[in-house]
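First up is the structure itself, then whatever we jot down about it.
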Amino acid sequence: MSVPYRITIRVSEDLIDQLQEIVEKNHYSSISEAIRLAISEFISKNHANSTSKVDLKLPRNIYAELEEEVNNGNAISVNDLIRFILREYAKGKTKN
């Protein structure tokens, strides 16, 4: 599950400054990570097959493993990776 596509956009300096503040405040690894998360959340909110939200608390070591997968380029965000894992789990359950 790599990130094979690149999107180039132009934004104002003010917007970049605001994004950088958000990245630092929320400890994202980069502006790109924050934007990927925003796109994923936008799609989730607006997709025809919308789903319910679930709050999930994970042990720190598990979350760190998920973050490492994101940093290695295997997912666009931790939230997206969790959704992927749960979808795959659910597919396996429906096959049984």
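Values quoted throughout were computed directly from the atomic coordinates according to the rules given, and no laboratory measurement underlies them. This one's a predicted model, so the numbers in the text were calculated from it and none came from an experiment.
Some notes on this structure:
- The chain - Rg (one decimal) and Dmax (whole number), Cα, Å: 15.2, 53
- Its Cα gyration tensor gives segment 34-90 an equivalent ellipsoid, and the semi-axes of that ellipsoid, as √(5λ) in whole Å with the largest first, are 20, 14, 10.
- With all pairs of separate Cα atoms included, segment 13-62 yields a Kirkwood hydrodynamic radius of 12.9 Å.
- Calculated [θ] (222 nm, deg cm²/dmol) that DSSP helices of n ≥ 4 give over the chain, each run adding -39,500 (n - 2.57): -20500 deg cm²/dmol
- Comparing K25, K45, K57 in a Gaussian network model of the chain where C-alpha atoms under 10 Å apart are linked, the largest mean-square fluctuation is found at K57.
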